[in-house]
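Everything below concerns the one structure shown next.
What follows is calculated from the coordinates using simple rules that are stated; it is not laboratory data. Nothing here was measured: the structure is a model prediction, and the numbers come from that model.
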Amino acid sequence: MSHAQPPAAPGVRRPTLNAVAARAGVGRGTVSRVLNGSPRVSDRSRAAVEKAIAELGYVPDRAARSPAGAPGSTRCSRPPT
């Protein structure tokens, strides 16, 4: 699965993890486990999530995966005064 994120058309919102979960009939945690390749997901749930991802055109947001302050973070700070 590619993690490149194409630009959204003006006024069009990208599908969210919540939208994928709702379409697949599973919880957000299950969608997250599928995206991360966890073996702790049933074949039925994995298939439902993968189908929902394809139908919605979901692409994971790379910026959301990086914890704040991690290398590559765009967070700025001022030096102490």
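In order along region 42-48, phi translates into HN-Hα couplings of 5, 4, 5, 5, 4, 5, 5 Hz, rounded to whole numbers, per the Karplus curve 6.51 cos²θ - 1.76 cosθ + 1.60 with θ = phi - 60° and x for Gly and Pro.
So between Ser38 and Ala19, what do we pick up on full extension, going 0.36 nm a residue minus the alpha carbon distance?
On the way: separation 19, 0.36 × 19 = 6.84 nm, distance 2.01 nm.
Going from the current span to full extension adds 4.8 nm.
The phi torsions of region 49-57, fed into the Karplus equation with coefficients 6.51, -1.76 and 1.60 and a -60° offset, translate into couplings of 5, 4, 5, 4, 4, 5, 5, 8, x Hz, rounded to whole numbers, with Gly and Pro shown as x.
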